[in-house]
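Right, one structure below, let's go through it.
Readers should treat all values here as calculations from the given coordinates under stated rules, not as data from a laboratory. The model shown is predicted, which means the values in this text are computed figures rather than measured ones. We place every Cβ from the backbone using ideal geometry, glycine too, and count neighbours over all the protein chains shown.
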Amino acid sequence: MNIIKAKLRTLFSFLIILSLIGLIYALLIWSNKIDSSSEKFHTIMFITGICLFIILGLLSGYYTQEKGLLAGLSSALVIIVIILIINLFVKEPITLRMVLKFLTYTAGSAAGGIMGVNIPRSK
C-alpha cells in the first residue's frame, strides 16, 4: 500500500510541476514572446522534458527509497502511456522521433530514480 501511495504522490507532484511549466509556455506563446514553430523552441522543449522526467525520477526514488531504477522507469512509463493514449485521441502519428524522445525521457527518469533513492530522508 505504501508503494501505491508513494507512486500516486510522485505522479501528482509531477503533474503539478508539468502544469505550471505548460502554463508558462502557453502564456509565452500566447503573448508572442516565443515562436512555437522554430527549431530552437523544440530543442528547449526537449531539454525541458528531460529535466522534468529527471525530476519525476528523483521524486519517485525519494518517495519509495528503494529500487530507484525500477521506481523511475515505472513512473516514466505511466506518464508515457498517458501521453500515447492522448496522442491516439488527437490522431497524432507515432514517429521514430517520438519514440526516441520517449526513450530519452525514460532514461532520464531512471537516472533520476537512482539519484532520488540516494537522497536521505529526514525524519
With r defined as the distance between the Cβ atoms of Ile83 and Ser122 and R0 fixed at 30 Å, what FRET efficiency is calculated, to the nearest 0.05?
-> 0.35
How about Lys91: which lysines have a C-alpha closer than 26 Å to its C-alpha, ignoring those fewer than 8 places off in the same chain?
-> Lys40, Lys101
If contacts are Cα pairs under 8 angstrom and at least 6 residues apart, what is the relative contact order of the chain in percent?
-> 34 percent
Residues listed by number, segment 75-110, amide nitrogen under 16 Å from Phe46 label point at 7 Å toward C-beta | 95-108
Can you tell me how much longer the chain between Ile24 and Glu66 gets when fully stretched, taken as 0.36 nm per residue apart minus their C-alpha distance, in nm with one decimal?
-> 11.8 nm
Given unit charges at Cβ for Lys, Arg (+) and Asp, Glu (-), the dipole magnitude of the chain about its Cα centre in debye, nearest 20, is 340 debye
Once you wrap a convex hull around the alpha carbon atoms of segment 30-89, what is its projected area averaged over all directions, in nm²?
-> 5.6 nm²
For the chain, what does the alpha-carbon gyration tensor say about shape, rounded, prolate or oblate, given a ≥ b ≥ c as the root eigenvalues, a/c under 1.5 as rounded, and a/b over b/c as prolate?
-> prolate
Would you please give the FRET efficiency between Met115 and Ser13, computed as 1/(1 + (r/R0)^6) with r the Cβ-Cβ distance and R0 = 22 Å, to the nearest 0.05?
-> 0.90
So the pair-distance distribution of segment 1-60, from every Cα-Cα distance in 5 Å bins, comes to percents of 4, 18, 20, 21, 14, 10, 7, 4, 2, 0
